[in-house]
Amino acid sequence: MNKNTRRDFVKKSSATLLAGTLGFNIVKANPYKHKLNADTLKVGLIGCGGRGTGAALQATNAEDNVVLTAMADIFPDQIETSLKNLIAENPAKMMVDEDHKFSGFDAYKKVLASDVDVVLLATPPSFRPAHLAAAIEAGKHVFCEKPVAVDAPGIRSVLETAKKAKEKGLALMSGFCWRHDIPKIDTYNQMMGGEIGDMHTIYTTYNTGALWYKEPKAQVWTDTEMTMRNWLYYNWLSGDHIVEQAIHSIDLMSWAMGDVLPESAVGTGGRQSRTEEKYGNVFDHFSIIYDYGDGRRGFHICRQQEDCSRAYTVDAMGSHGRAYIDVFRKHYVNGKSGEWNWEGEKSNMYQNEHNTLFKSIRSGNPFFDGERMSNSTMLAIWGRMVAYTGKKLTWEEALHSEEVLGPNIDEYNWDLDWPLKAVAQPGKTPFV
Ligand SMILES: NC(=O)c1ccc[n+]([C@@H]2O[C@H](COP(=O)([O-])OP(=O)(O)OC[C@H]3O[C@@H](n4cnc5c(N)ncnc54)[C@H](O)[C@@H]3O)[C@@H](O)[C@H]2O)c1
C-alpha cells in the first residue's frame with residue numbers, strides 16, 4: 001500500500017488548485033440558457049460519481065423548471081467529470097458556477113448552505129445518515145440513494161431524521177428504483193393481488209461478477225485516498241456488498257411480503273474468490289434466510305465472484321401459483337388465470353422516481369419513503385450481521401445493535417487512519 005500521507009501531498013481545498021496539479025480540465029463556463037424565476041427548483045448534488053451524475057440528470061429532466069446549481073464531492077476531479085457529462089446531456093439545466101463547486105469532506109455543508117431547494121445524496125452510504133440529517137435540518141427536499149446507512153445506529157439516526165422530514169413537510173425519496181419500474185409494478189400487482197394465492201416463499205438472488213477496482217496512483221494517492229476511491233471494499237464505507245448492491249433484491253423481497261418485517265434471520269457467507277488484500281474486508285458471497293414467523297420465508301443469495309453463473313431474480317411461490325422475475329429480462333406469473341408475461345413499453349425507472357419526486361414537491365404532498373427505505377436497508381444490514389457472526393438474530397436484536405462501523409462524520413480528514421477490521425469469521429466474530 002502507498003504510505004503517503006496528505007501532508008506529503010497537496011491539500012485538496014479547492015477544485016482549481018487540484019485541477020492544476022493533476023492536470024484535469026475545469027469545465028468551462030456553461031452558456032446558461034435556462035431562465036430562472038421564483039418557481040425554479042434548484043438542485044444540489046452531493047457525491048458526483050456514476051449514480052449521482054445520473055440522478056442529477058434525471059432530476060433536471062423531471063420537469064422544465066428544475067436546474068442544477070451546486071455540486072459537492074471529496075474529489076474535485078469527480079465534480080469536473082460529472083459536470084462535463086451533465087453539460088453534454090442537458091447544457092441548459094447545468095448552472096453550476098465555479099463558486100458552487102465544493103470539494104472536501106465538509107463540501108456537503110456548503111451545498112446545504114447555498115440556496116438549493118432539493119439535494120441528491122449519492123455518496124458511499126456510510127455518509128448518508130449524517131448528510132441526510134444535515135439536509136433535513138437545512139430544510140431541503142431529498143433524493144437519497146440506497147442504502148441509507150451501513151449499520152444499525154445509522155438506521156436509527158435515519159428513522160429519527162425521517163420523522164423530522166415528515167414534520168417539516170419535506171420530500172424524502174429513496175433510490176430503491178425497482179419500485180418505480182413499470183414491469184415490476186404490474187407483476188407485483190398480480191402477485192400481491194391474489195393471482196398466485198397466499199405467497200409462502202420468496203427466493204431472491206443478486207449473483208454477479210467482480211466490480212471495478214481503481215488502481216492506486218503510486219506516490220500520488222494517500223492511503224486515505226486509495227480507500228475512499230475504492231470504498232466498495234471497506235465495509236465501514238459500503239456496508240459490504242449485500243448492503244451496497246444486493247439490497248435491491250432484498251427490497252424486492254420486502255415489497256413482495258408487503259413490507260412486513262421478518263421475525264428472525266440466519267445465514268452464512270464468506271470470502272473465497274476475492275481474497276487479495278486490496279479488496280479490503282468485504283465478503284464475496286452471502287446466503288440468508290429471513291423467517292417471517294408465520295410460515296413465510298424469504299431466501300436470499302448474492303455473490304460477487306468472477307466466472308460464475310449470474311442471476312438477478314425474484315421467484316415467488318404461493319398456494320395457487322408462482323411469479324418469476326429475471327430483473328432485466330422477464331416478468332412472468334403463472335397463477336389462477338393461467339400464464340402471463342409482461343409486455344409493454346419499458347420506461348426508465350430512474351427517471352420515473354424523479355418525476356414522482358418533483359411532482360410531489362409541486363403538489364404540496366411530498367413523497368415520503370423514510371420508514372420503508374430504512375427498513376429495507378436494515379434487512380440487508382441484518383443479513384450481513386447474521387452472516388458475519390453465524391448467529392440467528394431477531395429483527396429487534398439487529399435493529400438495536402450498537403456496532404458503529406466507521407468514524408463520526410466530523411472525524412473524516414485526509415490523514416484519517418481508520419483501522420481496518422479483519423474479515424469476519426462466522427462463529428468468531430461477535431455480535432455487538
Ligand atoms: N439505485 C441504484 O440503482 C444505484 C446504482 C448505483 C449506485 N447506487 C448507490 O449510489 C451511491 C453512489 O454510488 P456510485 O456508484 O455513484 O459510486 P461512485 O464511487 O461512482 O460515486 C460516489 C461519489 O461520492 C464521492 N464521495 C465520497 N465520499 C464523499 C463525501 N463524504 N462527500 C461528498 N462526496 C463523497 C466520491 O468521490 C464519488 O465521486 C451508493 O450508495 C450506491 O449504492 C445506486
Picking from Ser238, Ser249, which residue would you name as being more than 22 Å from Pro407 (Cβ to Cβ), polar (S, T, N, Q) and within 18 Å of the chain's Cα centre (by Cα)?
Ser249
Any idea which of Ser319, Ser347, Ser287 is of a type outside the set (Phe, Trp, Tyr) and exposed (fewer than 13 other Cβ atoms within 10 Å of the Cβ)?
Ser319
Test: Lys140 is within 16 Å of the ligand (Cβ to nearest atom) and not acidic (Asp, Glu)
yes
Report whether or not Thr53 is not in a strand (DSSP E or B) and not aliphatic (A, V, I, L, M).
yes
Top-ranked residue in the range 222-233 [being within 12 Å of the ligand (Cβ to nearest atom) and not acidic (Asp, Glu); ranked as modelled with the lowest pLDDT]
Thr224
Subset of the range 389-432, residues surrounded by 16 or more Cβ atoms within 10 Å (Cβ to Cβ), in a loop (DSSP other than H, G, I, E, B) and hydrophobic (A, V, I, L, M, F, W, C), comes to Leu405, Trp414, Leu416, Trp418, Val423, Ala424
Return the pairs, sorted by first residue and then second, in which the second residue is at pLDDT 95 or above and of a type in the set (D, E, K, R), the first residue lies in the range 408-432 and is under 21 Å from Ala398 (Cβ atoms), the beta carbons are less than 6 Å apart, and the residues are 6+ apart or on different chains.
Val423/Arg271; Phe431/Lys391; Val432/Glu402; Val432/Glu403
Counted residues, the range 54-72 - those being without any contact (Cβ under 8 Å) to a residue 40 or more places away in the chain and closer than 27 Å to Glu244 by Cα
4
For residues in the range 64-83 being within 12 Å of the ligand (Cβ to nearest atom) and part of a loop (DSSP other than H, G, I, E, B), which is surrounded by the fewest Cβ atoms within 10 Å (Cβ to Cβ)?
Phe75
Is the range 106-126 home to any residue that is of a type outside the set (Phe, Trp, Tyr), in contact (Cβ under 8 Å) with a residue 24 or more places away in the chain and either outside the structural domain of Ala38 (by TED's automatic domain parsing) or on the phi > 0 side of the Ramachandran plot (or both)?
no
Per-region count, the range 351-371, residues within 16 Å of the chain's Cα centre (by Cα) and crowded, with 18+ Cβ neighbours inside 10 Å:
4
Do you know which residues across the range 84-101 are crowded, with 24+ Cβ neighbours inside 10 Å and under 23 Å from the mean Cα position of the chain (by Cα)?
Leu86, Lys101
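The values are calculated or read from the model by the stated rules, or taken from the named source; none is laboratory data. Fair warning: this is a prediction, and the values are worked out from it, not measured in the lab. Because the Cβ atoms are built from the backbone with ideal geometry, glycine has one as well, and the counts that use them run over all protein chains shown.
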